[in-house]
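Okay, so here's the structure we're looking at.
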Amino acid sequence: MKLLQLELLKFKKHRGIKIGLILYLLLMIGGYFTFKEISKFSDNPLINLKALNEFPMIWELMAYLGNWMAFIILGFIGIQMVSIEFSNKTFRQNVISGLSRRDFWLSKIISAFTLTLGVTVFYITLTLILGFVFSEDKSDVFSGSTGMTILYFMLMTFGYIIIGMFTAFAIRRGTAAIFVYFIYGMFLENFIRWAVHAKMIPGSISMHFYPMNVLEDLTPLPYYSQMSNMSEAPVELLLSQNMALLGAVVYTTIFIAIMYRLSVKKDI
């Protein structure tokens, strides 16, 4: 609790983090209404997009929208929560004042987990509100997979924050860390997967076991997994969610361990 209170004191007035959280909330709401409008123009008999706006499929839709927001906004916040410690030299000052390097690392993990909990509560609350307002049938609020969808959402959110923090721990300069994070997540990983890995090992599912893609496949666009299975592509387009879950746990654990190593051994 002391470490969490210290983190709140550091960042409660940070404008970039505040703006990021507000944008996350607004874009999640805006994303739902945008998709709702798009679904009105869909006449595909095989895919009922309108059903995604209502219970119980709305849980999967909002988790998919949250995936994009987590990558863009929560990953950025994760970078900020670490990089400003180095730019303001508060890491060094905390160590001089008696905080151990292990405590500094632990405070970041606690912050990431607390932010994840807050975002997950918002996701659940928003989904329930939108579902009750716009669902014609309010008797089927939950499906058999809703609990797992919430778990996938929570792990996906935590994973993006941790990757952002890891990038900042490794690079330490905020602007450079943000650049590397988005270049890797948006371009470099896809290039490695499709232009290198897929040609070296054609048809192998191993090309999907890259960190950003693992997190993305935790909460894919609803119906996309069925569509990928129906396609004639030479390789599966998605990991199963169980495989993505395993991959996300492994990657998150590895990044947390490397962050600990960097915080304990690297010069401050």
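The values are calculated or read from the model by the stated rules, or taken from the named source; none is laboratory data. Since the model is a prediction, treat every value here as computed from it, not as a measurement. So basically every Cβ, Gly included, is an ideal-geometry build from the backbone, and we count neighbours across all protein chains shown.
Tabulated data
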{"quantity": "For SER145: the one exception among (1) at pLDDT 95 or above; (2) under 19 Å from ASN67 (Cα atoms)", "calculated": "(1)"}
{"quantity": "Given (1) surrounded by 13 or more Cβ atoms within 10 Å (Cβ to Cβ); (2) free of Cβ contacts under 8 Å to residues at least 60 places away in the same chain, number of the condition TYR24 does not satisfy", "calculated": "(2)"}
{"quantity": "Search result, residues across the stretch 96-127 that are touching a Gly at 6+ places or on another chain (Cβ under 7 Å) and over 12 Å from MET165 (Cα atoms)", "calculated": "TYR123"}
{"quantity": "Unmet criterion (only one of (1) farther than 14 Å from MET154 by Cα; (2) without any contact (Cβ under 8 Å) to a residue 24 or more places away in the chain) for MET81", "calculated": "(2)"}
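Here is a yes/no grid of residues against (1) at pLDDT below 90; (2) over 20 Å from THR157 (Cβ atoms); (3) in a loop (DSSP other than H, G, I, E, B):
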site: LEU215; (1), (2), (3): no, no, no
site: LEU221; (1), (2), (3): yes, no, yes
site: GLU236; (1), (2), (3): yes, yes, yes
site: LEU245; (1), (2), (3): no, no, no
